[in-house]
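J.: Sharing a structure with you now.
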Amino acid sequence: MGMQLIRELERTRDETLQAFALGSGDVARTYGPGKWSIAYILHHLSDSDTVFFDRIRRVISEPRPVLWVMDQDAWAKGLDYARVPLELSRHVYESTRNAIIYYAGEHYERSGDLEWVHSVDGVRTLRDEFDKIAAHNEHHLRQVRLALGR
């Protein structure tokens, strides 16, 4: 199961990095009225991976930590997604995802049962969080494909 997860983390990383390379006209597209643009989705994926990576390290290092939910709309507004350079988020996303892949290889099987407490969802495991990262990324890639008409 761990190798399958790593392949999915790599696949979604590679497709997301392709999206970061889109032109300014394409990244301005949305997948529906009132929905986030591709650029906002990419900033969100970058920020989300930093949150996931922080959680992973805390769960591996600290006994059963309590970790807070991420308010994605507050992050988009507070971090001013309209002005943040996409290139900055691309670098953060790529390096963070590569680190997540490393830790997945080291800990998915060996430490996957480690528990933590999510402030909204309750008790979760490290394995749950690794699985969520790949599923979350794919969810947003579907939105990107829809915005691009693919």
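Every number in this text was worked out from the coordinates using simple rules, so none of it is lab data. Source: prediction; values computed, not measured. We place every Cβ from the backbone using ideal geometry, glycine too, and count neighbours over all the protein chains shown.
J.: Say we look at segment 57-86 and pick out the residues that are touching a residue at least 40 places away in the same chain (Cβ under 8 Å) and assigned to a helix (DSSP H, G or I); which of these is surrounded by the most Cβ atoms within 10 Å (Cβ to Cβ)?
T.: Here the answer is Val59.
J.: Considering Asp49, Asp14, which residue is of a type in the set (Asp, Glu) and touching a Ser or Thr at 6+ places or on another chain (Cβ under 7 Å)? Even if it seems obvious, please write down each step before you answer.
T.: Details: Asp14 fails: touching a Ser or Thr at 6+ places or on another chain (Cβ under 7 Å).
It is Asp49.
J.: Which one of these does Ser48 not meet: (1) more than 23 Å from Ser119 (Cα to Cα); (2) of a type in the set (S, T, N, Q); (3) within 18 Å of the chain's Cα centre (by Cα)?
T.: (1)
J.: Can I ask one more? Considering every residue within segment 101-119, establish whether at least one is more than 13 Å from Leu45 (Cα to Cα) and polar (S, T, N, Q). It would help to see each step written out before you state the result.
T.: Within segment 101-119, the first condition is being more than 13 Å from Leu45 (Cα to Cα), and the residues that meet it are 101-119.
Next, only the ones that are polar (S, T, N, Q) stay: 111, 119.
Yes, the conditions are met somewhere in segment 101-119.
J.: Please specify each residue of segment 97-150 satisfying the condition of being closer than 26 Å to Pro63 by Cβ and touching a Phe, Trp or Tyr at 6+ places or on another chain (Cβ under 7 Å).
T.: Across segment 97-150, the qualifying residues are Ala99, Ile100, Ala104, Tyr108, Ser119, Arg124, Arg127, Glu129, Phe130, Ile133.
J.: Could you tell me whether segment 26-45 includes any residue that is among the polar types (S, T, N, Q), in a helix (DSSP H, G or I) and on the phi < 0 side of the Ramachandran plot? I'd like the intermediate steps shown before the answer.
T.: So the first thing to find is which residues in segment 26-45 are among the polar types (S, T, N, Q), and the list is 30, 37.
Right, trim to in a helix (DSSP H, G or I) and you get none.
Looking through segment 26-45, none of the residues is among the polar types (S, T, N, Q), in a helix (DSSP H, G or I) and on the phi < 0 side of the Ramachandran plot.
J.: Across segment 1-34, which residue is surrounded by the fewest Cβ atoms within 10 Å (Cβ to Cβ) among those that are of a type in the set (D, E, K, R) and either closer than 18 Å to Ser95 by Cα or out of contact with any helix residue (DSSP H, G or I) (no Cβ under 9 Å at 6 or more places or on another chain) (or both)? Step through it out loud before you land on a result.
T.: Narrowing segment 1-34 to residues of a type in the set (D, E, K, R): 7-8, 10-11, 13-15, 26, 29.
Now narrow it down to the ones that are either closer than 18 Å to Ser95 by Cα or out of contact with any helix residue (DSSP H, G or I) (no Cβ under 9 Å at 6 or more places or on another chain) (or both): 7-8, 10-11, 13-15.
On the way: Arg7: 12, Glu8: 18, Glu10: 15, Arg11: 14, Arg13: 21, Asp14: 10, Glu15: 14.
So the residue we want is Asp14.
J.: Could you check how many residues of segment 91-110 are surrounded by fewer than 16 Cβ atoms within 10 Å (Cβ to Cβ) and either over 26 Å from Glu15 (Cβ atoms) or aromatic (Phe, Trp, Tyr) (or both)?
T.: Looking only at that region, the number is 2.
J.: For segment 102-150, what are the residues that are in contact (Cβ under 8 Å) with a residue 60 or more places away in the chain, more than 12 Å from the chain's Cα centre (by Cα) and part of a helix (DSSP H, G or I)?
T.: Once the filter is applied, which keeps residues that are in contact (Cβ under 8 Å) with a residue 60 or more places away in the chain, more than 12 Å from the chain's Cα centre (by Cα) and part of a helix (DSSP H, G or I), segment 102-150 yields Ala104, Gly105, Leu126, Gln143, Val144, Leu146, Ala147, Leu148.
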